[in-house]
Amino acid sequence: MKNIFFLLSFVFILPLGSCSNKEKEPKITEYVNPFIGTAEHGHCFPGATVPFGAIQLSPDNPRSGWDWCSGYHYSDSTLMGFSHTHLSGTGCIDLGDILFRPSLQTPLAFSHSDEKASPGYYSVNLREAGVLAELTTTPHVGIHRYTYKKGIESTLVVDMDHLLDNEYIYEGWVKQTGENELTGMRLSLIHI
């Protein structure tokens, strides 16, 4: 398997006198808890997104219904995988488009003690499957990184049939367009 690395470069300009012995002040994002609203009837997802972003990359539980309308509910201990679009806090079911699952096992057991989330980042160690899943986003792209335990065959399922609940898919396709590239689309409608 070929590894691909991306290099980003930045230019920093430091004002004179910026070096000091001040204690490091916490960033305001350190106070954010993405799990708030994922239990009871909050209908929130804990996954990665950016403000006004087109992607809300987050885990999906295998259950459906009102409590799972964001795709995730804290009371659950299994995952179907990670899909790219979610609604948060709306109380209505929609999206959950194009699910990636880093294992042939389904559902995937997990523990909340193995989950981590911060603004723009989500990870979970799927111990039984032998996979560490990490997710982040940009305004237009969802980025997945799966680290497989030694001896575990790396597998990635792209599930175009995954739905959160009351939808149907009327068109969709996926094809491999390069050694490390998939191209596809899916259109779905909500049953009213």
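The values are calculated or read from the model by the stated rules, or taken from the named source; none is laboratory data. Note that the coordinates shown come from a computational prediction; the quantities given were computed from them, not determined experimentally. Using ideal geometry, Cβ is built from the backbone for each residue, glycine included, and neighbour counts are taken over all protein chains shown. Keep in mind that these areas ignore ligands, DNA and RNA; they rest on the heavy atoms of the full protein, side chains included. Shrake-Rupley method; radii C 1.70, N 1.55, O 1.52, S 1.80 Å.
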Got at least one residue in segment 160-169 being among the aromatic types (Phe, Trp, Tyr) and at pLDDT 90 or above? no
The one condition residue 129 fails out of (1) open to solvent by less than 30 Å² (accessible area, probe 1.4 Å); (2) modelled with pLDDT under 95; (3) under 15 Å from residue 59 (Cβ atoms) is (2)
Matching strands (runs of 3 or more DSSP E) fully within segment 41-113 where at least 2 residues are open to solvent by 10 Å² or more (accessible area, probe 1.4 Å) and closer than 23 Å to residue 185 by Cβ: 99-101
Could you list all residues from segment 21-39 that are part of a loop (DSSP other than H, G, I, E, B) and either closer than 23 Å to residue 84 by Cα or under 13 Å from the mean Cα position of the chain (by Cα) (or both)? 32, 33, 34, 35, 36, 37, 38, 39
Quick check on this structure: which one of 146, 122 is part of a strand (DSSP E or B), open to solvent by less than 30 Å² (accessible area, probe 1.4 Å) and either of a type in the set (Phe, Trp, Tyr) or modelled with pLDDT under 95 (or both)? 122
When residue 185 is evaluated against the numbered criteria (1) open to solvent by less than 70 Å² (accessible area, probe 1.4 Å); (2) in contact (Cβ under 8 Å) with a residue 60 or more places away in the chain, which criterion, by number, is the only one it fails? (2)
